[in-house]
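A quick write-up on the structure given underneath.
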Amino acid sequence: MPRENIGLKAIIAIHDTTLGRHLAERECGIMITKKMRFVTSCAFPKGTYKNAAAGLNLGGGKAVIIGDARTDKNEGMFRAFGRYIEGLSGRYITAEDVGTTEADMDTIYQETSYVTGKSKAFGSGGNPSPVTAYGVYVGMKLAAKEAFGTDSLENKRVAVQGVGNVSFELCRYLHKEGAQLIVSDIYEPSVKRAVDAFGAEVVNVNDIYDVECDIFAPCALGAVINDDTINRLRSKVIAGAANNQLKEQRHGDLLHEKGFVYAPDYVINAGGVINVYDELLGYDRDRVMKKVEGLFDSMTKVFDVSKRDKIPSYKAADRMAEERIASIGAVQKSYLKGRRIFMSLNYDLVIIGAGTGGYVAAIKAAQLGKKSSDC
């Protein structure tokens, strides 16, 4: 019987291994062209920065399944994707993102253990969307404090672009605090859900940039801050869940020049990756939420560096992430150098450092007739 073509088309982009192996979220949505989606996929060195800024020992990567999340998904597609991941032997770990669900992760899990965001029945944290949303909410409050002098969101007008899994949960937090919600989405049922649950005001997807509001929350796809939209924005704060919100870095410079308070996307939306990373440690919800609340401190540092060095907030975030990557990279190089010396000299004992403890160990080694070396 001839084998049927499953039709899987996917890209896995792995960026950096300095901090650890790659734990990435996946994106499966409507693809306009392969070229456009490939560019988006390769824009994910920011995944490395996200993990670095969140204090996680992970590298960065991203996978994209090319297709329509509402019509093209099937069991064979996800199982084939899982088998490919299994073949990478742990160098890449996948997770849920735009267009995928907890059930999809369960399907992938049939073929590989290198997947997070599975059902809680498998001992995981389940859908990470609520945790991601909480992190965005925490970061948004800090951005509001930076702009308005208070972190209260009561009566603040928040324009939410896109009402997917994460942003719906974000709307729940905002509604509970008394914020006024204005929403848009290309998918009508998502809009209706937000109206029914939170009494949100609805605007056309093309008009969301023109809304008079306090906070603009990009929560759909990336590159929404661009030449066509930046002069239309009527908010003081930009803080949302979407990845790669700036089409180009110069748009971050323009936001800074125009006086916007911009919460760098990969800092504010790190709650999801914090949640799935904890599954690798043995999932503990309290530990996760404590770590996510720490995003308030991360955002505080970003804004402090931005003001101190008079640079845009996105550059401040990049600097913080790069410093951590460089620091850990230096540690790794030191260790590897010591290992190479051990192998090349064939010593039985290698002393790391030349402190008192090192000398004592060297003396004991000498008494045993062993050779030793300071590294």
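The values are calculated or read from the model by the stated rules, or taken from the named source; none is laboratory data. Since this is a predicted model, take the numbers as computed values, not measurements. All Cβ positions, glycine included, derive from the backbone under ideal geometry; neighbour counts span all protein chains shown.
Inside the stretch 154-186, can you point out the residues that are farther than 24 Å from residue 102 by Cα and out of contact with any strand residue (DSSP E or B) (no Cβ under 7 Å at 6 or more places or on another chain)?
154, 176, 177, 178
Please work out which residue is modelled with the lowest pLDDT, limiting yourself to the stretch 127-137 and to residues that are buried (at least 22 other Cβ atoms within 10 Å of the Cβ) and over 21 Å from residue 60 (Cβ atoms).
127
If you go through the stretch 138-163, how many residues are farther than 19 Å from residue 260 by Cβ and in contact with a helix residue (DSSP H, G or I) (Cβ under 7 Å, 6 or more places away or on another chain)?
3
Take the stretch 232-244 and flag every residue that is assigned to a strand (DSSP E or B) and under 24 Å from the mean Cα position of the chain (by Cα).
237, 238
Yes/no per residue for (1) in a helix (DSSP H, G or I); (2) at pLDDT below 50; (3) loosely packed, with under 12 Cβ neighbours inside 10 Å; (4) touching an Asp or Glu at 6+ places or on another chain (Cβ under 7 Å):
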| position | (1), (2), (3), (4) |
| --- | --- |
| 296 | yes, no, no, no |
| 301 | yes, no, no, no |
| 308 | yes, no, yes, no |
| 336 | yes, no, yes, no |
| 357 | yes, yes, yes, no |
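Restricting to the stretch 84-119, name every residue that is of a type in the set (Asp, Glu), in contact with a helix residue (DSSP H, G or I) (Cβ under 6 Å, 6 or more places away or on another chain) and surrounded by fewer than 21 Cβ atoms within 10 Å (Cβ to Cβ).
Matches in the stretch 84-119: 111 only.
Give the residue, chosen from 253, 318, that is under 18 Å from residue 218 (Cβ atoms), acidic (Asp, Glu), touching a Pro at 6+ places or on another chain (Cβ under 9 Å) and part of a helix (DSSP H, G or I).
Among 253, 318, only 253 is under 18 Å from residue 218 (Cβ atoms), acidic (Asp, Glu), touching a Pro at 6+ places or on another chain (Cβ under 9 Å) and part of a helix (DSSP H, G or I).
If you scan the stretch 157-197, which residues turn out to be surrounded by fewer than 23 Cβ atoms within 10 Å (Cβ to Cβ) and among the charged types (D, E, K, R)?
If the condition is that a residue be surrounded by fewer than 23 Cβ atoms within 10 Å (Cβ to Cβ) and among the charged types (D, E, K, R), then 157, 169, 172, 176, 177, 188, 192, 193, 196 are the ones that fit.
On the basis of being in a loop (DSSP other than H, G, I, E, B) and either at pLDDT below 90 or among the β-branched types (Val, Ile, Thr) (or both), does residue 107 make the cut?
So residue 107 fails the test.
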